[in-house]
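The values are calculated or read from the model by the stated rules, or taken from the named source; none is laboratory data. Because the structure is predicted, anything quoted here is derived from the model rather than measured. As a convention, Cβ positions derive from the backbone with ideal geometry for all residues, glycine included, and neighbour counts pool all protein chains shown. Accessible surface is based on the protein model in full, side chains and every heavy atom, while ligands, DNA and RNA are left aside. Shrake-Rupley method; radii C 1.70, N 1.55, O 1.52, S 1.80 Å.
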Amino acid sequence: MSQAARCPLDLSPADVAAWAADGEPVDDVEMPAHVATCPACQAVVAAVAGSDAVGLVLRHAGPAAPVAVSERAAGRIRIERTAAALAAALVDAGARVASAAVDYLVLRHRRDE
Amino acid sequence: MVAAHLEQISDAELVVRARDRGDGVALDELLRRHRDTAYRVALRICLNPAEAEDIAQESLVRAWRSLGRFRSDAAFSTWLYRITTNTALKRAGRRTDVVMAELPEPPGPDLDPAGRVVQRERLAVAIAALAALAPQQRACWVLREVEGLSYDELAEVLGLTLAAVKGRLFRARAELTAALARYDQDTPTENTPNEDTPTKDVP
């Protein structure tokens, strides 16, 4: 890309490239007319031309994920859920044991009195 | 019967069932439905099939863990793009090996065998150039050119401003175009005399 020419409107190359590749509008600028007369913007357009063909091929190919991807994810999720349920049950059981112990101690204390 | 019924349910409804009711069947369907997207994005960013499988799996698990915080004002797929991209970029920062074992077949059944070889070579050059990009640039390019996200979606998924998105896309595209131009310059076409073939003194 030529560095000698400079866009008279001082448009950023990223904006010009977005317009050229995807038709993204550039505020208050009639791009086709401007680019036709601006060597700097023409250089930007040339610098990004053709790369979309690569994307098209990759999009066309679109590899499928191995089934194992979701099966392993589901397996990990089941393990995490089971572990969480087990932990909650243990906490609950521990709380009940602790509560029973307190009841027992209170009863014994009263009996000793 | 059950599977056919599930396929007609929207992502949003599956999310509600999986998140609010702990419906495992709905969750399995959600994971099955989106595993290709997660894998494809991961593969295009890390360019390594084995790594992409791990990233896709991890992304699906992360999505489930965060499902409670998922705001349904965005599409589930957009949200998963963000999780997968972030997971892939975190790993990409740690890894330097790139293995793009599977090379897609260029479209165009009308190409002759020689033309097909050239197209495959050009694609290999482009993928090598893609691999040489900074991971953030590559992610931006993949999400735009392969996944077809809009500029606004890119900004949301990548957590960037619109100007930053345009800047990254510009640099990525320029690198790919330059790599292909170098290849075309170095590759003799049908009309270019082959240096190995004598053109003079042929009896």
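Before moving on, here are some points about what is shown:
- Residue match in segment A:63-74 (condition: open to solvent by 50 Å² or more (accessible area, probe 1.4 Å), in a helix (DSSP H, G or I), closer than 28 Å to B:Leu162 by Cα and more than 7 Å from every other protein chain (Cβ to nearest Cβ)): no
- From the options B:Gly108, B:Gly148, residue that is at pLDDT 85 or above and assigned to a loop (DSSP other than H, G, I, E, B): B:Gly148
- When segment B:111-145 is filtered for residues that are outside any helix (DSSP H, G or I), in contact with a helix residue (DSSP H, G or I) (Cβ under 7 Å, 6 or more places away or on another chain) and either open to solvent by less than 40 Å² (accessible area, probe 1.4 Å) or of a type in the set (Gly, Ala, Ser) (or both), only B:Leu133 remains.
- Pick from segment A:27-48, criterion open to solvent by less than 60 Å² (accessible area, probe 1.4 Å) and either at the interface with another protein chain (Cβ under 7 Å from one of its Cβ atoms) or of a type in the set (S, T, N, Q) (or both), ranking: nearest to the chain's Cα centre (by Cα): A:Val48
- Single unsatisfied condition, A:Ala5 versus (1) more than 8 Å from chain B (Cβ to nearest Cβ); (2) outside any loop (DSSP other than H, G, I, E, B); (3) modelled with pLDDT under 85: (2)
- Residue check, B:Ala163 over 30 Å from B:His34 (Cα atoms), free of Cβ contacts under 8 Å to residues at least 40 places away in the same chain and within 8 Å of chain A (Cβ to nearest Cβ): no
- For segment A:83-97, the criterion of a residue being open to solvent by less than 60 Å² (accessible area, probe 1.4 Å) and touching a residue at least 12 places away in the same chain (Cβ under 8 Å) is satisfied by no position.
- Residues of segment B:152-197 classified as assigned to a loop (DSSP other than H, G, I, E, B), open to solvent by less than 70 Å² (accessible area, probe 1.4 Å) and at pLDDT below 90, total: 2
- Condition check for B:Asp73: at pLDDT 90 or above, of a type outside the set (S, T, N, Q) and outside the structural domain of B:Leu143 (by TED's automatic domain parsing): no
- Filter pass, B:Tyr81 being of a type outside the set (A, V, I, L, M), under 16 Å from A:Glu71 (Cβ atoms) and either touching a Leu at 6+ places or on another chain (Cβ under 6 Å) or outside the structural domain of B:Glu145 (by TED's automatic domain parsing) (or both): no
- Close pairs (7 angstrom Cβ cut-off, 6 or more residues apart or separate chains): more than 7 Å from every other protein chain (Cβ to nearest Cβ) in segment A:11-22, assigned to a helix (DSSP H, G or I) and surrounded by fewer than 20 Cβ atoms within 10 Å (Cβ to Cβ) anywhere: A:Val16/A:Val45; A:Trp19/A:Met31; A:Ala20/A:Val45
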